[in-house]
Amino acid sequence: MKLKRIHIIKNIGIGLFFLFFISCKEEKITTIKNTQFVDNVYPLLDTDNSRWFFFSSASRPFGMVNLSPDTEIDGAWGSGYRYQTDTIKGFSHIHAWQISGLSIMPVTISKENKKHIFTDFYSSFNHQNEIITPGYHFLELDRYQIKTELTSTKRVGLHKYSFPKNKEAGILFNLNTILGPCENVEGELEQTGERELSGKLVAAPTHRRPKPLTIYFKVQLNVSVRAIERDINTGNYLVSINKTDKEVLLKTGISYTSIENATINIQQELPHWNFNKIVQESKQEWNSLLGRIEVEGGTTAEQSRFYTDLWHALQGRRIISDVNGAYPDNTGETFKIGQLPLNTFGEPLFNHYNSDSFWGAQWTINTLWGLVYPEIMKEFTLSLNQYYKDGGLIPRGPSGGDYTYVMTGASSTPFLVSAIQKGIIKDDLESIYLALKKNHMLNGIMGKAGYEHHTDIGGGLKYYLKNGFVPHPLPEDGNYGLHQDGTSQTMEYAYQDWTLAQLAKKLGYVDDYNYFLKRSENYKNVFNEEIGWMSPKDIDGTWKVDFDPYQYENGFIESNAAQSTWFVPHDIDGLANLMGGKENAVEKLNSQFEMAQNLKFTSGTSHDAELHPEHSRIPINFGNQPSIQTSFIFNQLGRPDLTQYWTRKVIKETFNGLATNTGYNGDEDQGLMGSLNVLLKIGLFQMNGGTEENPEYQIGSPIFNKVTIKLNPDYYSGKDFVIKAEGNSEENIYVNNIEFNNTAVSNYTIKHNDITKGGTLVLKMSKETNNKSTLLLTEKR
């Protein structure tokens, strides 16, 4: 059959070739050893459903600078680079959780457009003349006939513009504008040298980030500045540059602390003008991280999608500290500049981060980062703890150096506990434990609902502590944040309490261990045995009348009862007992998967589609975090064959596309869904987020014949952990025999300490399962 062309990128003189061909037949391939891992990434995945921080091109992993073109700029959702919009509205440098900034646009200046160029400067472009690869973006601005190229270091953007001859060249700084999640205001720009500009702007407060944040920047050019003109109406600036026949290069260093530090960021990270060198270094950095996992087998499309998933798992959350360790601290009543601790060479011990919520991280980055990228997990743990040192709370999603109180609960607790249990964090464990414990008590972060900045009521924690559940609705009148869904909050708190209990046990806090372990059973208080679902009940303990388990956000956060009833990752056996035993639980969950398959296991193709009646009533939703663990629940109910069967189905129906209109169904929360896909496809999962002593991994059904994870020698003693799926195919999805280092494995689990010592896990794949269960659910399929 003929090949279907997905995306062709032409050679434009910098030696970058990027060619995606996908066959309708999808020829099998065995390895990518002869190619670069980064060349398998498809950056345009799901860009029809993009949100401000989703798309990345000319960026480094977790970079402070996230340089890319914007086609939509109004709002956090449906903004940034949207593939179906053919108009460039600027190249902005910050695409972060609740932060945007420094949008600039090269233009040509004429007598005709000089009068209105400040308000009319957008340009159409054509995807046929576009190149996108991790660390690099090329496109042509049709209106001006300008060829633009973008790349970056961690904190510095680097632009290359090829202006048409005989045209006056200019650069418009759109410093006062709506830009993604927030307004940019109070923008200022001044010339500070023949080829140098300095400026700042303010990222105005948002509902989620309630304090302003100043963004400082330094601009250096390889050509002279002829003039700067400020428009009184817009407050924006037009920089005219002297005529030149050579390509114009422009460096943009940013900082959240000072223009001086923005300058230092340039001096340290980009002291030269070699554009191609930066492109290559960016590619090498991405390639090094992507190469930590090498897959063999599967189809070309499956391998491309895998490395695209892995690429997404390594971005979204952004550095906010300068190269010298200065960072914005907005946790107090007044803004101040913080300083990260330094090593003996005067270098910061870690970076400080801006981050969306860790809500759902227990099933995603906890496992992936903890095993494959322990150095990243350590950085984020230390950064989260730095917020505690500054502001008194470990955040669940910080932005602009401050707390946002995004989502609910103490979602960072499982992340930090997992880092400790895996031996990634070894120092100051008692102080970290006390910080986490504070979050689980009154006046901690657990008591705050979503974006509840000034009160501690919406989380319903006082009722959880007194009565063992959060009532729905809360009896208090007033606006106390979002996501006040008491049943979900109860279940979430119970799981997070269990994870904290494991750390208390490790550190010998026996009384605390027993206390939080008892609290972890509170999920039982919201299980209505008469109807067989988790259900809301009011302050008097009365169950909601005429309760509909498929009604969306009916006491459940971004989900319905059918989806969230299974949110007991720390006690699946206890949940099964409430349902009348494991067989009943298996039958119930299996029927939900059968129903969900009709909608391809997701509530539509975008986050807002979950609200639509035709999507919201789905019983299992892999498009949002609350039920993404469900296929692995079968493992712990004694039915690993159903884990293997349904996980393969989910991968094929939900996470198998390579196109602009498919990918993560609009809710790829900064690496969470990308990480999930990686784990499902290599066949490893952690139900409780890796928070128990010597954490356990559940074994699934990998889609590749061989997976090699290269272990970080600074953290783990082994060199490689290899998964071999012998006889693997689209039909042979069942794992009927397991050996690890020539020793039989009988329970479809493997321990963290065994994996990190290195070795080979051999899975014997088959078309039929050897499961001896008398529950013949397979006949229903």
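Laboratory data are not the source of any read-out in this text; all were calculated from the coordinates shown. Owing to the predicted nature of the structure, the values given are computational and were not obtained by experimental measurement. Cβ placement follows ideal geometry from the backbone for every residue including glycine, while neighbour counts extend to all protein chains displayed.
Under 5 Å from the amide H of N528 lie the amide H atoms of W533, M534, S535, each residue being 5 or more positions distant or on a separate chain, with H modelled from the backbone and absent for Pro and chain starts.
Database remark: amide H of G338 closer than 5 angstrom to the amide H of Y327, D329 (H placed geometrically; neighbours at sequence offset of 5 or more, or on other chains; Pro and chain starts carry no H). Applying 1/(1 + (r/R0)^6) with R0 = 30 Å to the Cβ-Cβ distance of E229 and K277 gives a FRET efficiency near 0.35. Where the centre of each part is set by its Cα atoms, how far does region 54-95 sit from region 579-605, in angstrom? When both Cα centres are located, 37 Å separates them. Under 24 Å of direct C-alpha separation, and excluding same-chain neighbours fewer than eight residues apart, K764 reaches these lysines: K28, K649, K652, K681, K706, K710, K719, K724, K751, K772. Here the gap between N753 and K115, fully extended at 0.36 nm per residue and compared with their Cα-Cα distance, gives a gain of 222.9 nm.
Counted residue by residue at 0.36 nm each, then reduced by the alpha carbon distance between them, the extension gain from E196 to Q268 reaches 24.2 nm. Using a cutoff of 8 angstrom between alpha carbon atoms and counting only pairs six or more residues apart, the relative contact order for the chain works out to 11 percent. Once C-alpha pairs closer than 8 Å and six or more residues apart are averaged by separation and normalised to the residue number of region 390-441, the relative contact order reads 36 percent.
Relative to the longest principal axis of the Cα atoms of the chain, the long axis of helix 259-269 lies at roughly 80 degrees.
For region 312-327, putting each phi into the Karplus relation 6.51 cos²θ - 1.76 cosθ + 1.60 with θ = phi - 60° gives couplings of 5, 5, 10, 7, x, 7, 10, 5, 10, 9, 6, 5, 8, x, 6, 8 Hz, in residue order, rounded to whole numbers and with x for Gly and Pro. Backbone amide hydrogens, once placed in the peptide plane, bring I88 within less than 5 Å of S123, S124, F125, excluding anything fewer than 5 places away on its chain. Report, in listed order, any pair from K218/K243; K251/K336; K147/K277 with a Cα-Cα distance greater than 25 Å. Cα-Cα > 25 Å for K251/K336; rest within.
Indicate the gyration tensor shape class of region 50-290 (rounded, prolate or oblate), computed on the Cα atoms with a ≥ b ≥ c the square roots of the eigenvalues: a/c under 1.5 is rounded; otherwise a/b larger than b/c is prolate and the rest oblate.
rounded
Here region 141-195 and region 606-673 have alpha carbon centers that stand 40 Å from each other. Rounded to the nearest 0.05, the FRET efficiency derived from the C-beta distance between E594 and D538 at R0 = 45 Å is 0.85. Helix 486-507 axis versus longest C-alpha principal axis of the chain: approximately 90°, rounded to the nearest ten. Computed from backbone phi, the HN-Hα couplings of region 241-247 come to 10, 5, 4, 8, 8, 8, 5 Hz, rounded to whole numbers (Karplus: 6.51 cos²θ - 1.76 cosθ + 1.60, θ = phi - 60°; Gly and Pro given as x). Region 541-575 and region 205-236 have Cα centres separated by 48 Å. Computed from backbone phi, the HN-Hα couplings of region 726-733 come to 6, x, 5, 6, 5, 8, 8, 9 Hz, rounded to whole numbers (Karplus: 6.51 cos²θ - 1.76 cosθ + 1.60, θ = phi - 60°; Gly and Pro given as x).
For the pair H207 and Q339, the difference between a 0.36 nm per residue extended length and the Cα-Cα distance amounts to 44.8 nm.
Dividing the summed helix terms, -39500 (n - 2.57) for each DSSP H run of n ≥ 4, by the number of residues in the chain produces a 222 nm estimate of -7500 deg cm²/dmol to the nearest 500.
Counting every other Cβ atom within 10 Å of each residue's Cβ, I531, I376, I457, I618 order from fewest to most as I531, I457, I376, I618. Equivalent ellipsoid of the chain: semi-axes from √(5λ) of the C-alpha gyration tensor, largest first, are 43, 31, 24 Å. Seen against the Cα atoms of the chain and their longest principal axis, helix 429-439 is set at about 90 degrees. Computed on region 50-290, with alpha-carbon pairs under 8 angstrom and 6+ residues apart, the relative contact order is 19 percent.
Under 16 Å from a label point set 7 Å out along the Cα-to-Cβ vector of N242, the amide N atoms of region 173-207 belong to 192-197.
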